[in-house]
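Novice: Handing you this structure, nothing more for now.
The values are calculated or read from the model by the stated rules, or taken from the named source; none is laboratory data. Because the structure is a prediction, the values reported are computed rather than measured. So basically every Cβ, Gly included, is an ideal-geometry build from the backbone, and we count neighbours across all protein chains shown.
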2 protein chains.
Amino acid sequence: MPVKLNAPQAASLLPVSGIELGFAKAQVRKPNRKDVLVVKLAEGTAVAGVFTLNRFCAAPVVLCKEYLAQQAGIRALLVNTGCANAGTGEDGLSRAQQSCEALADLLGVNKNQVLPFSTGVILEPLPVDKVIAGMPAAIANLKSDNWLNAAEAIMTTDIVAKGVSKQITIDGKKITITGISKGSGMIHPNMATMLGYIGTDAAISQTALENIIQYAVNKSFNCITVDGDTSTNDSLILMATGKANNAEIADDSANFVVIRDALTEVAIELAQAIVRDGEGATKFMTVRVEGGKTEAECRKVAYAIAHSPLIKTAFFASDPNLGRILAAIGYAGIDDLDVNNMQLYLGHILVAEKGGRAASYREEQGAAIMQESDILVRVVLNRGSTDCTVWTCDFSYDYVKINADYRS
Amino acid sequence: MPVKLNAPQAASLLPVSGIELGFAKAQVRKPNRKDVLVVKLAEGTAVAGVFTLNRFCAAPVVLCKEYLAQQAGIRALLVNTGCANAGTGEDGLSRAQQSCEALADLLGVNKNQVLPFSTGVILEPLPVDKVIAGMPAAIANLKSDNWLNAAEAIMTTDIVAKGVSKQITIDGKKITITGISKGSGMIHPNMATMLGYIGTDAAISQTALENIIQYAVNKSFNCITVDGDTSTNDSLILMATGKANNAEIADDSANFVVIRDALTEVAIELAQAIVRDGEGATKFMTVRVEGGKTEAECRKVAYAIAHSPLIKTAFFASDPNLGRILAAIGYAGIDDLDVNNMQLYLGHILVAEKGGRAASYREEQGAAIMQESDILVRVVLNRGSTDCTVWTCDFSYDYVKINADYRS
């Protein structure tokens, strides 16, 4: 079960003026499942995206980048689950294009105003006929208060739908931000098998939105890992409709930091939700590395810990087998690390220092913290002044079960 | 159960003149278990070692390097399981030294002629009194035909003992090589939670032996991975007693390549045995990457595949979910990889080319190969002429079980 995470209430996901969402049960892979999502955007909506760095990026990712670059004004998003349309070569591109064309025709826009997204099994052809056949139903139920259905329509192995809303005030105008995301395996920065869509009614310039999404993704989706696998399809999209009628926020606006931080908070919550619903997760781990010379070396240490199957299985067992953490720090790749001059904390308990177990540490202390479902692992390198935080989950029988059985 | 691997017969592990082995049940961690091994070497034996690159390397690793550098002539090895004596700081070094001193006294040699090794739980103090108390029993049963008992005495979570012998002829002399190893989690190059000891009665110069061990380790123990964790204690030792009375082999001897390749073959068999007995393994996977520009990029791709929990769980399920392999190739870190110009084979079956599924590929073909216990994954990058091969195993419920329960 997800770690301290419940699906949001439908009413808690606030409508964003200028954004309507509709779903269909198109039987892309399985019957009776919401598996196609259409998001319709008001004219003039600014849209920015970041995408997987995987060289085998999926056909829809290729098209998204191409269409965004053409700046035709994005008017709709089309998402399907059940098939990733990745590892599908030229044929995959053609099928993704066909689906964009079909939706564009139905909505009366151009195909390069429709961004396509797919998630699911890799290496299989997209059943584009089924996706297209589902579109009229999805369009028929386009509504602004349909975020929870939308969150459900993008799930794959997710157990709960993920969504969050937030409101702030800018220029005396109430600004709404609502986002949804899906995980939950193949989760790794740059990025995860992860889809995220965050909408706001704030007016934000295209350039400002592009800066915000880079900032937000580095603080959120690029700080999570479930299994270290970077997917072919990861995409995060920010949409700003401008319907709140605030003065358009540019990079140098006084309100730039305000909207940036609010959007980033939503992104962090959506990213953490993916980890909390990580495949088979029973524990949510925050790995914080402080006192590094560079952020890069802090990330090396944090990810060495967050990726270690030995550590993740020990957390699953609630076993304070903390030597495995020292081992991971040791192989993280900092060649001149002085292991005699660093500290390891579990929660607020000093576990190791001077190259070994702290004299004050008692196994009962570690065991007590291991019983909790949210656990902080803190490493102080004492080499510099940078830090980084990543979030991950433990590694359980169910991870194996879910991934051994996923296609069947 | 190990994948196509049985414990060797005692008689199949041939004595090596100049090497005697004795064990004790010293109750280091658990009762009634062979957990201390003493290896006694004839005077004049050449000894070379390679050790973990983990910055948190264990106290015995620190001492091994120090003593080998002093070139006092190694006369004995001392191995204990049950406690790694790693993450133990100054106190751990002192305990390792005490154990070397105690064995040196009993054997009438100096402490820097005794190399210490430990494997087991990290971050706990070595019960040096128990190790020392076990020494007389181990010395009492020193025998040259004790290799199987020795292999059993170094096991931790290993299911079967690992050992192999080989004989070749050099200068008309019969040369014997016998080696033992242990795994079986925290297995990763540079190196694994891996101990390996290979003895030969060949006469080999110290310099030649050091060159041979570097060559052999790069072709064997540095090509295996179970879970990507590089341990604190990994050590591989080559011992050449010279008792076969061949002309001493130097770097430039005609026989250098002959003995090097024979020792390397033994090292490869011992390394593969560790993977076949990898924690929870049900399948043995050979990942071969060809046509790379550099060996480094071939290794990146091979390890991206060999480390992916998603791929390893699919192999556990015998599910030809091969898109996950494409995804791993894509995120391996070759920035200019042309995914449209590479091929993926499962066994001899072409699975993917031109960025997608091969037209000739049928799911039944993949499914049939997935039923086998030894499976070849072959990637042809078509970028250059270098290649590399790594060996790994699948990821099962039992991996989680073993590592969740290891300390308890």
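Novice: Quickly run through the range A:29-60 and pick out the residues that are among the aliphatic types (A, V, I, L, M) and not in a strand (DSSP E or B).
Specialist: A:A42, A:L53, A:A58, A:A59 - these are the residues of the range A:29-60 that are among the aliphatic types (A, V, I, L, M) and not in a strand (DSSP E or B).
Novice: Which of the residues spanning the range A:310-326 are among the small types (G, A, S), within 8 Å of another protein chain (Cβ to nearest Cβ) and within 16 Å of A:F395 (Cβ to Cβ)?
Specialist: A:A314, A:A317
Novice: Also: Name every residue in the range A:121-142 that is at pLDDT below 95 and surrounded by 24 or more Cβ atoms within 10 Å (Cβ to Cβ), in order of residue number.
Specialist: Correct list: A:I122, A:L123.
Novice: If you scan the range A:61-89, which residues turn out to be assigned to a helix (DSSP H, G or I) and within 14 Å of another protein chain (Cβ to nearest Cβ)?
Specialist: Matches in the range A:61-89: A:V61, A:V62, A:G89.
Novice: Here is a follow-up. Can you name every residue in the range A:329-376 that is of a type in the set (A, V, I, L, M) and without any contact (Cβ under 8 Å) to a residue 24 or more places away in the chain?
Specialist: Once the filter is applied, which keeps residues that are of a type in the set (A, V, I, L, M) and without any contact (Cβ under 8 Å) to a residue 24 or more places away in the chain, the range A:329-376 yields A:V339, A:I349, A:L350, A:A358, A:A359, A:A368.
Novice: Does the range B:72-84 contain any residue that is surrounded by fewer than 21 Cβ atoms within 10 Å (Cβ to Cβ) and either more than 24 Å from the chain's Cα centre (by Cα) or in the same structural domain as B:Q206 (by TED's automatic domain parsing) (or both)?
Specialist: Yes, the range B:72-84 contains a residue that is surrounded by fewer than 21 Cβ atoms within 10 Å (Cβ to Cβ) and either more than 24 Å from the chain's Cα centre (by Cα) or in the same structural domain as B:Q206 (by TED's automatic domain parsing) (or both).
Novice: Condition test on A:D145, is it surrounded by fewer than 17 Cβ atoms within 10 Å (Cβ to Cβ), modelled with pLDDT under 95, among the charged types (D, E, K, R) and farther than 25 Å from A:E66 by Cα?
Specialist: Criteria not met by A:D145.
Novice: Six or more apart or on different chains, Cβ under 7 Å: which pairs go from a residue in the range B:295-320 that's assigned by TED's automatic domain parsing to the domain that holds B:L381 and outside any helix (DSSP H, G or I) to one that's surrounded by fewer than 24 Cβ atoms within 10 Å (Cβ to Cβ) and of a type in the set (K, R)? Could you list them?
Specialist: The qualifying pairs are B:D319/A:R407.
Novice: State which residue is farthest from B:Y397 (Cα to Cα) when the search covers only the range B:1-11 and only residues that are modelled with pLDDT of 90 or more and surrounded by 13 or more Cβ atoms within 10 Å (Cβ to Cβ).
Specialist: Checked the range B:1-11; the qualifying residue farthest from B:Y397 (Cα to Cα) is B:A10.
Novice: Can I ask one more? Checking the condition more than 14 Å from chain A (Cβ to nearest Cβ), buried (at least 24 other Cβ atoms within 10 Å of the Cβ) and in contact (Cβ under 8 Å) with a residue 60 or more places away in the chain, which residue from B:A244, B:A281, B:A240 passes?
Specialist: Selected residue: B:A240, the only one of B:A244, B:A281, B:A240 that is more than 14 Å from chain A (Cβ to nearest Cβ), buried (at least 24 other Cβ atoms within 10 Å of the Cβ) and in contact (Cβ under 8 Å) with a residue 60 or more places away in the chain.
Novice: Identify, by number, the condition in (1) closer than 20 Å to A:L310 by Cα; (2) touching a residue at least 60 places away in the same chain (Cβ under 8 Å); (3) not hydrophobic (A, V, I, L, M, F, W, C) that A:T386 doesn't meet.
Specialist: It fails just one condition, (1).
Novice: How many residues are out of contact with any Lys or Arg (no Cβ under 7 Å at 6 or more places or on another chain), on the phi > 0 side of the Ramachandran plot and free of Cβ contacts under 8 Å to residues at least 24 places away in the same chain when one looks only at the range A:16-70?
Specialist: Final tally of qualifying residues: 0.
Novice: Follow-up question, since we're still on this one. Is at least one residue of the range B:322-330 modelled with pLDDT of 90 or more and not in a helix (DSSP H, G or I)?
Specialist: Within the range B:322-330 (the criterion being modelled with pLDDT of 90 or more and not in a helix (DSSP H, G or I)), the answer is no, since none of the residues qualifies.
Novice: When only residues in the range B:331-345 that are within 19 Å of B:T392 (Cβ to Cβ) and touching a helix residue (DSSP H, G or I) at 6+ places or on another chain (Cβ under 9 Å) count, which is nearest to the other protein chains (Cβ to nearest Cβ)?
Specialist: B:Y331
Yes or no, residue by residue, for (1) within 17 Å of the chain's Cα centre (by Cα); (2) of a type in the set (V, I, T); (3) crowded, with 24+ Cβ neighbours inside 10 Å:
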{"site": "A:I213", "(1), (2), (3)": "yes, yes, no"}
{"site": "A:S220", "(1), (2), (3)": "yes, no, yes"}
{"site": "A:I224", "(1), (2), (3)": "yes, yes, yes"}
{"site": "A:V258", "(1), (2), (3)": "no, yes, no"}
{"site": "A:A271", "(1), (2), (3)": "yes, no, yes"}
{"site": "A:V275", "(1), (2), (3)": "yes, yes, yes"}
{"site": "A:R299", "(1), (2), (3)": "no, no, no"}
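Novice: Only one of B:T156, B:T232 is within 14 Å of chain A (Cβ to nearest Cβ) and at pLDDT below 85. Can you tell me which?
Specialist: Residue meeting the stated conditions: B:T232.
Novice: In the range A:346-371, what count of residues is obtained for those that are more than 14 Å from chain B (Cβ to nearest Cβ) and within 20 Å of A:A302 (Cα to Cα)?
Specialist: 3
Novice: Within the range A:9-46, which residues are of a type in the set (V, I, T) and farther than 14 Å from A:N146 by Cβ?
Specialist: A:V28, A:T45, listed by residue number.
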